[in-house]
Amino acid sequence: MKVEQRSIDYVPDSERHGKARDLFNIWFSGNMQLTPVITGAVAISLGLNVFWALTAVILGNLIGGLFMATHSAQGPKLGIPQMIQSRAQFGVIGAILPLILVMVMYIGSVYYSGLLGAQAIHSAIPGIPVWLAMIVLNGVTLIVTTYGYDLIHKVEKYFAIVFAIVFIVITVEAFRLPLPAHSWSVSSFKAGPFLMALSVCTTWLLTYAPYVADYSRYLPRNTSSRATFGWTYAGGVLGTSWTMALGVILIASSPKFGTDPTGFLANMVGHSLAPIIYIVIVMGILGVNVLNLYCAFMATVTSIEPFTKIKVTPTKRFSILAICTIIATWLGIVGQGDLVAIMNDFMLLLQYIMVPWSAINLVDYYLLRRGNYSIKDIFDVNGKYGKFNWTCIGAYLISIVAQTPFMNVEGIYQGPVAKALGADISWTVALILPAIIYYYAMKAKLTATGELQEIKRTHAAKAVNE
């Protein structure tokens, strides 16, 4: 194995490899782990019964997966990481605004998931303190991520097989647990908690949008967009729906699952299988955290590249990743707490900042520029995309502010609409409003500069050739 030589730079056709079906392994195994199980438990903690909690889980993932997989389809066509492509919308320097938020988001994800993994190690071997377990686990994550793209794909491929087998066993045992009365009652619908749970579950796959194309960018340029979309969607939705549904069943059967999820699972499957559960939980955390850390690295390099024109050597790659890992590990050591509550608030905060970005990116790629970008100008601070695109930045900031009445972060802030509904539905505003503002404002700008006419001619010529 060799350390990946590329970071945020364009992948030429001579280095393209792999199949679209490889994406299923990435997004299936990346979600077959304890973190989405905890997220599914949130639906019950909000006051839903099992039937409506499962409905929110499945519907939310079906919706969120659409946007995630649509981003994934951009990778083979452009051959660059997801976030650097947003320079075409925000401007080369303006794109740093969402990039900083992405860095915070994924370092936070490494912290949260790493803490879960460390607690699993501590539960299996009480003599190992949580802080030491987290250092070891995050250290292994650092090594795998340093080697990069090809090793990550290989690891996730084998993890997917192991996870499928073990989670079948866990699922069978989970459905043997006794559930409260009226767990399957359709008449026990509560609109506020249902909408809140739907928001949390929808946001889960949406938060992969900033890096989903990072794992498809090495695929051959002629890879079918439908295949890229389909395999990403299938892996992501199946993995998250399965694990979140488990979280619903487990927390409904016993509140003890929320306080010690790893120990609960180990006791549920019995003494003989408990060691396997611990190992698989730790493997699952490793599987998702290499994805999180890889994205944090990409976001960091993309942020500093316009000012430094950094050439990422293996040594620099390791150094940047090590800094991100140290920060996440420190947060995990000092920031332990109620994991269900942390996850609920964390997912809601993510949707406020990342859903508007996703809407803008998709509108620009599929409706305005139709995939026609100048890779050279994306890397040129003085190129056609400019340093700042205030049209895009304005639409983004307006969309974040417009969500305020719909926000509900428990113990911090509750907007008037969220209070009236008893739920946070800001993700709907974050999808629709920026899409409308950006589309019409940017369409007028592209028309005035003549770029829209050029895009239409290029698109028409491609259609004729095909």
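For L250, the shell of other residues with beta-carbons less than 15 Å away shows a net charge of 0, using +1 for Lys and Arg and -1 for Asp and Glu. The tail of the calculated P(r) for the chain beyond 32 Å holds 37 percent of all Cα-Cα pairs.
The smallest convex shape that holds all Cα atoms of region 184-342, its convex hull, gives 202 Å³ per residue. The 3J(HN,Hα) values that the Karplus relation (6.51, -1.76, 1.60; θ = phi - 60°) gives for region 120-126 are, in residue order, 5, 4, 5, 5, 6, 10, x Hz. Gly and Pro appear as x.
Determine which residues of region 221-257 fall in the zone a paramagnetic label at R16 would reach in this model, i.e. backbone nitrogen under 14 Å from the point 7 Å along Cα→Cβ. Within reach of a label on R16: 221-228. The convex hull of the Cα atoms of region 67-136, projected and averaged over all directions, covers 6.7 nm². Taking the accessible area of region 187-341, probe 1.4 Å, and keeping the other protein chains in place, the carbon and sulfur fraction comes to 70%. Shape of region 47-201 from the C-alpha gyration tensor: oblate (a/c of 1.5 or more and a/b not above b/c, with a ≥ b ≥ c the square roots of its eigenvalues). For region 349-410, the Cβ-based charge dipole about the Cα centre amounts to some 280 debye (Lys, Arg positive; Asp, Glu negative; other atoms uncharged).
For region 364-438, the relative contact order comes to 24 percent (Cα pairs under 8 Å, sequence separation of at least 6). Taking all C-alpha pairs of region 403-466, those more than 18 Å from each other amount to 59 percent. Find out how many positive minus negative residues lie around S374, taking Lys and Arg as positive, Asp and Glu as negative, among other residues whose Cβ is under 9 Å from that of S374. That works out to 0. Sorting the segments 111-117, 453-459 by their mean number of nearby beta carbons within 10 angstrom, highest to lowest, gives 111-117, 453-459.
Indicate the gyration tensor shape class of region 126-263 (rounded, prolate or oblate), computed on the Cα atoms with a ≥ b ≥ c the square roots of the eigenvalues: a/c under 1.5 is rounded; otherwise a/b larger than b/c is prolate and the rest oblate. Oblate, because a/c is 1.5 or more while a/b does not exceed b/c.
Within the same chain, lysines fewer than 8 places from K316 are excluded, and of the rest, those with a Cα less than 27 Å from its Cα are K2, K154, K376, K387.
Counting only aspartates and glutamates at least 8 places from K462 when in the same chain, those with an alpha carbon closer than 16 Å to its own are E454. Extension gain, T428 to K311: 0.36 nm times the residue separation minus the Cα-Cα distance gives 38.1 nm. One Cα centroid belongs to region 272-337, the other to region 59-94; the line between them spans 21 Å. Sequence-distant contacts, meaning Cα pairs under 8 Å at least 6 residues apart, place the relative contact order of the chain at 31 percent.
For the cross-link pairs K256/K419; K19/K456; K384/K456, the ones whose C-alpha atoms lie over 22 Å apart are K256/K419; K19/K456.
Each Lys and Arg Cβ is given +1 and each Asp and Glu Cβ -1; about its Cα centre, the chain then shows a dipole of about 1100 debye. 3J(HN,Hα) along region 421-431, derived from phi through the Karplus expression 6.51 cos²θ - 1.76 cosθ + 1.60 where θ = phi - 60°, amounts to 7, x, 7, 9, 10, 4, 4, 5, 5, 5, 8 Hz, with x in place of Gly and Pro.
Computed from phi, the 3J(HN,Hα) profile of region 129-144 under the Karplus parametrisation 6.51, -1.76, 1.60 (θ = phi - 60°) reads x, 4, 5, 6, 4, 5, 4, 5, 4, 5, x, 5, 4, 4, 5, 4 Hz, with x in place of Gly and Pro.
Take every Cα pair under 8 Å whose residues are at least 6 apart in sequence, average their separation, divide by the length of region 91-161, and the relative contact order is 19 percent.
Counting charges near G192 (Lys, Arg +1; Asp, Glu -1) among other residues having Cβ under 12 Å from its Cβ returns a value of +1.
The helix-only estimate of mean residue ellipticity at 222 nm for the chain, built from DSSP H runs of length n ≥ 4 each weighted as -39500 (n - 2.57), is -23500 deg cm²/dmol after division by the residue total.
The values are calculated or read from the model by the stated rules, or taken from the named source; none is laboratory data. Because the structure is predicted, anything quoted here is derived from the model rather than measured. Note that we place each Cβ from the backbone using ideal geometry, even for glycine, and neighbour counts take in every protein chain shown. Quick note on the areas: whole protein, heavy atoms, side chains included, nothing else; ligands and nucleic acids left out. Shrake-Rupley method; radii C 1.70, N 1.55, O 1.52, S 1.80 Å.
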